[in-house]
Amino acid sequence: MRSAPNANARREAKVAATAPGVKLGQPDWWLLGITLVLLSIGLIILLSASGVVAERRYNDMLYFFKRQSIFVFAGLVIMVLAASLPRHILNKLQYPALLLALFLLLLTLTPLTPRIKGAARWIPFGPINLQPMEFAKIALVLYLAYFLSAKQDMIKTFSRGVIPPFAVTGLFCLILLRQPDFGGAAVLSLLLFFMCLAGGTRLIYLGFSALFVMGVGVMLVVQSSYRFRRLLAFRDPFKVARDEGYQLVQSLYALGSGGFWGQGLGDSGQKLFFLPDAHTDFIMAILGEEMGFIGVSLVFLLLAFFFWRSVRVALSQENLRDRLTAFGLTLILGLSMLLNMAVVLGAAPPKGLPMPFLSYGGSSMLATMCCVGLLLNYSRTARGNA
């Protein structure tokens, strides 16, 4: 007899909890703590990995460390702002964020954007280069969470429940492929797939869409000699160790020479101009060389703990939109972690995906901390934390 009134009361309490001016619960302090630990480890290993390159390029061995420290500080500010953002304001950001991300992505296709390493993925803003892709992931998650929760009565239909989110994601992917950024387009496609899966889209639609996307991906790889060579190099990097397989081979050498205990912090040999991007995409290889299996395992455990707390925040949301948004933010960080380590370990073709919290890069750091801040925001409305 009291189940319906109790359910109504819970819904009213949840609506009140997200209304303007109402005090929310405490954030997930474990999630915050593990974030600070990972940031500290990232700064330490970055200092070790980048010192030699910074000294050679800029005559200042602390160059990358000082810049990354600024990015971390700015990221912490963004995290605090995102964590304290009123929910009624956050729930209105899906379209402004989407349009801003679209504008920035389109800007990369104009002559205003320089080509770096053959790709136009960065927009110069004074002393830093902004990579719109990092923020497009957050914008897409906000939009997909809104659409999938607001259109639950139409989510099983193809014309109104499938085409709109697929069209938006497809547009973003087309722009990324023009940069070109094949890996970025793949990440957005994965975000769409898993969020639609969680949101209730029919499996038959997702299955056919996955087959179509994989077919397009194979076609793009086969038609691009550069991508095809990298794929062949991934299958047997030691056959082309002086060409396309060079980076992966050097990464495996770094991990192998680290052994169980590591060479010691600061004693990496691969960072002496052998391993390209040692302080960015392949920073985990340097960590493995200097801190060994023990150090890599410790970082893995910390990342797994972070992922578990993030999933817990998502599952603890009573509101579907909040649950999907927190799930999408967790996906952004989780996919980046898994794909980065897969590349470093040679389990996936080389692709420029930074490791959250550890790799050098302003855009990645700011986007990562924005995700953490939003997750802390949602942790304040988790069940049992009102």
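What follows draws every value from the coordinates through simple rules; no lab data is involved. Please read these numbers as outputs of a predicted model, since none were measured by experiment. For neighbour counting, all protein chains shown are included, and Cβ atoms are generated from backbone atoms with ideal geometry for every residue, glycine included.
Between Ala342 and Asp60, the distance separating the two model label sites (each 7 Å from Cα on the Cα→Cβ line) works out to 3.8 nm.
When the charge dipole of the chain is built from unit charges on Cβ atoms (+1 for Lys and Arg, -1 for Asp and Glu) and taken about the Cα centre, the candidate among Ala136, Tyr226, Gly170 whose Cα reaches farthest toward its positive end is Gly170. Taking label positions 7 Å along the Cα-Cβ direction at both Ser69 and Val37, the computed distance is 2.4 nm, reported to one decimal. Note on Ala167 and Ser84: the model spin-label points, each 7 Å out from Cα along the C-beta direction, lie 4.0 nm apart. Computed over the range 273-340, the quotient of the alpha carbon radius of gyration and 2.2 N^0.38 Å is 1.41. Counting only alpha carbon atoms, the long axis of helix 94-107 and the longest principal axis of the chain meet at about 30°.
FRET efficiency for the pair Asn91 and Gln223, taken as 1/(1 + (r/R0)^6) with r the Cβ-Cβ distance and R0 = 30 Å, rounds to 0.10.
Take 370-377, 37-44, 309-316 and order them by the average number of nearby Cβ atoms within 10 Å per residue, most first; the result is 370-377, 309-316, 37-44.
Remark: the chain projects, on average over all directions, an area of 20.7 nm² (convex hull of Cα atoms). Taking R0 as 25 Å, what FRET efficiency do you get between Leu100 and Leu197 from their Cβ-Cβ distance, rounded to the nearest 0.05? Calculated value: 0.40. Pairs over the 22 Å Cα-Cα cut-off, from the set Lys92/Lys351; Lys92/Lys137; Lys66/Lys137; Lys66/Lys117; Lys117/Lys239; Lys92/Lys151: Lys92/Lys351; Lys66/Lys137; Lys66/Lys117; Lys117/Lys239.
Across the range 26-379, Cα pairs under 8 Å and at least six residues apart give a relative contact order of 27 percent. As a rough guide to protection, the peptides 68-80, 222-234, 322-334 ranked by mean Cβ packing within 10 Å, highest first, stand as 322-334, 68-80, 222-234. Once both axes come from the Cα atoms, what is the angle between helix 225-235 and the longest principal axis of the chain, in degrees from 0 to 90, rounded to 10? The angle comes out at about 80 degrees. Between the amide H of Leu93 and any residue lying 5 or more places away or on another chain, no distance stays under 5 Å, with hydrogens modeled in the peptide plane.
Between the range 148-226 and the range 330-359, the C-alpha centres lie 20 angstrom from each other.
Against the chain, whose longest principal axis comes from its Cα atoms, helix 283-315 is set at around 10 degrees.
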